[in-house]
Amino acid sequence: MSNSTKLIHSIPVDPLTGAISVPIYQTSTFVQDAPGEHRGYDYARTNNPTRAALEKIAAELEQGHSGYAFGSGLAAIDAVVKLLQTGDEILAVDDIYGGAFRQFTHIYAKFGISVKYVDTTDASNVEHAISGKTKLVWLETPTNPTLKISDIAAIAKIAHQHGALLCIDNTFASPALQLPLNLGADIVIHSATKYLGGHSDLIAGLVITKTKELGDKIKFIQNACGAILAPHDSWLVIRGLETLYLRVREHCRNAAAVAAFLQTHPAVDQVYYPGLATHKNHDIAACQQTGFGGMVSFTLKQDTEAAAVTVVCGTQLFKLAESLGGVKSLLCHPATMTHKSIPVEQRRVAGVKDSLIRLSVGLEDAEDLVADIAQALGKL
Ligand SMILES: *Cc1c(COP(=O)(O)O)cnc(C)c1O
């Protein structure tokens, strides 16, 4: 049976009523028959049936053992970092999501958890940088915003040889295109705000673990720290997941069309899309992903903030907004928006140039999207 069929049918029919949509249990507590005698649920921070349904679906979707739903992607990341203790080190991909950078650097550094950033597209950089202190290797692949690809299987081997866990932020690829746990990762996190929710109408995060042991630790942190996803938002993520494979297939098709167009445009310098044969990491993307995703970034020949602003303010269908993975196409200027919290020197090293523009290619007609970008580039 295909993964998309499995996903649709992993969404349970309500055993009580036969409701085909998972019911929203909007409750804080559950009545007990006698002290400690309940029907599997006692208090809704600890467990809620709607959230539990999402958590089980997510675990199956990533082919892991356990899944846990959090109030945001950053809350999911936070729960994973809380597996560590003072003195431990995180080894992370250099063009990491800005919010993860901010959390690692400005929250966890003061608790004595250090972080080292390396270009993980070359696995030997991980091999060189990893030490006895490294307890967590953190990858995004593809990365945000330059869509670098790292070899999950090779880096899993290096992490495990050194006794570190490997966590993949699978937000950009989504499980429809990439299953990191099958490639050797221990943990997957998602900003479910993006492709999993898929409709730009919620903020949510997920942690999925390969083993029960790791899952139990995340569960303990989730309950102890309390950054849970609310029942209604859990339901919205489930509702989004029903069409995940369908949406991601179209996102990929549209993104490929937009990337091909950008490559031919005289005002465009570099196009970052893992599906292009010219992409530096195309081969490894083709090997570990079943598609190349809906995100495309590009720089302008005129590499200035002003030129980028002209383009991002000149589109009509592509709306200027942070975030990605929704039905409507979005675009943003990472240097002044999503990546503002990363120091400029480090931003440049990671390839976030002043004119870099990031597109989240949505589900409109590809021809309309190409025409929109063409007229915006025409304003330069
Ligand atoms: C958006 C995003 C996050 C953070 O998720 P929130 O739901 O906004 O907290 C983490 N990683 C990546 C790659 C993202 O795009």
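The values are calculated or read from the model by the stated rules, or taken from the named source; none is laboratory data. Since the structure is predicted, the reported quantities are computational estimates derived from the model, not experimental observations. All Cβ positions, glycine included, derive from the backbone under ideal geometry; neighbour counts span all protein chains shown. Heads up: the accessible areas ignore ligands, DNA and RNA and are worked out on the full protein's heavy atoms, side chains in. Shrake-Rupley method; radii C 1.70, N 1.55, O 1.52, S 1.80 Å.
If you check every pair at least six apart or on different chains, which have Cβ atoms under 6 Å apart with a residue in segment 154-167 that is within 11 Å of S131 (Cα to Cα) first and a residue that is modelled with pLDDT of 95 or more and assigned to a loop (DSSP other than H, G, I, E, B) second?
H162/I130
Checking A308 against (1) within 16 Å of the ligand (Cβ to nearest atom); (2) closer than 18 Å to D95 by Cβ; (3) at pLDDT 95 or above: exactly one of these is not met. Which one?
Condition not satisfied by A308: (1).
Per-residue answers, yes or no, for (1) more than 30 Å from V118 (Cβ to Cβ); (2) open to solvent by 10 Å² or more (accessible area, probe 1.4 Å):
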position: L330; (1), (2): no, yes
position: M337; (1), (2): no, yes
position: E345; (1), (2): no, yes
position: G362; (1), (2): yes, no
position: E367; (1), (2): yes, yes
position: V370; (1), (2): yes, yes
position: A376; (1), (2): yes, no
position: L380; (1), (2): yes, yes
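In segment 256-290, what residues are touching a Ser or Thr at 6+ places or on another chain (Cβ under 9 Å) and of a type in the set (G, A, S)?
Passing the criteria: only A285.
What are the residues in segment 122-150 that are hydrophobic (A, V, I, L, M, F, W, C) and open to solvent by 10 Å² or more (accessible area, probe 1.4 Å), if any? Before the answer, list the steps.
Start the filter on segment 122-150 by keeping residues that are hydrophobic (A, V, I, L, M, F, W, C), which leaves 123, 126, 129-130, 136-139, 147, 149.
Within segment 122-150, A123, A129, I130 meet the criteria.
Testing G67 on (1) more than 16 Å from the ligand (Cβ to nearest atom); (2) within 23 Å of K210 (Cβ to Cβ), one condition comes back false. Which one is that?
Going through (1) more than 16 Å from the ligand (Cβ to nearest atom); (2) within 23 Å of K210 (Cβ to Cβ) one by one, G67 breaks only (1).
Pull out all pairs, ordered by first then second residue, where Cβ-Cβ is under 7 Å, the residues are six or more apart or on different chains, the first lies in segment 74-100 and is touching a residue at least 12 places away in the same chain (Cβ under 8 Å) and assigned by TED's automatic domain parsing to the domain that holds V344, and the second is open to solvent by less than 10 Å² (accessible area, probe 1.4 Å) and within 10 Å of the ligand (Cβ to nearest atom).
Hits for this filter: zero, empty list.
Considering only helices (runs of 4 or more DSSP H) fully contained in segment 1-103, which possess at least 1 residues that are touching a helix residue (DSSP H, G or I) at 6+ places or on another chain (Cβ under 6 Å) and among the charged types (D, E, K, R)?
The qualifying helices (runs of 4 or more DSSP H) are 49-61.
Based on this model, can you work out whether I96 counts as open to solvent by 50 Å² or more (accessible area, probe 1.4 Å) and either of a type outside the set (S, T, Y) or within 16 Å of the ligand (Cβ to nearest atom) (or both)?
no
Every residue in segment 237-254 that is aliphatic (A, V, I, L, M) and over 17 Å from the mean Cα position of the chain (by Cα), please.
L246
Results for (1) within 21 Å of A257 (Cβ to Cβ); (2) not in a helix (DSSP H, G or I), shown as yes or no for each residue.
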site	(1), (2)
S297	yes, yes
A308	no, no
T315	yes, yes
E322	no, yes
H339	no, yes
D354	no, yes
E367	yes, no
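Please work out if A34 is of a type in the set (G, A, S), under 16 Å from L236 (Cβ atoms), away from the ligand (no atom under 16 Å from the Cβ) and surrounded by fewer than 22 Cβ atoms within 10 Å (Cβ to Cβ).
No.
Under 30 Å from G351 (Cα atoms), of a type in the set (A, V, I, L, M) and surrounded by 21 or more Cβ atoms within 10 Å (Cβ to Cβ), is that true of A69?
Answer is no for this residue.
Which residues, counting only those in segment 104-121, are open to solvent by 40 Å² or more (accessible area, probe 1.4 Å), in a loop (DSSP other than H, G, I, E, B) and within 16 Å of the ligand (Cβ to nearest atom)?
none
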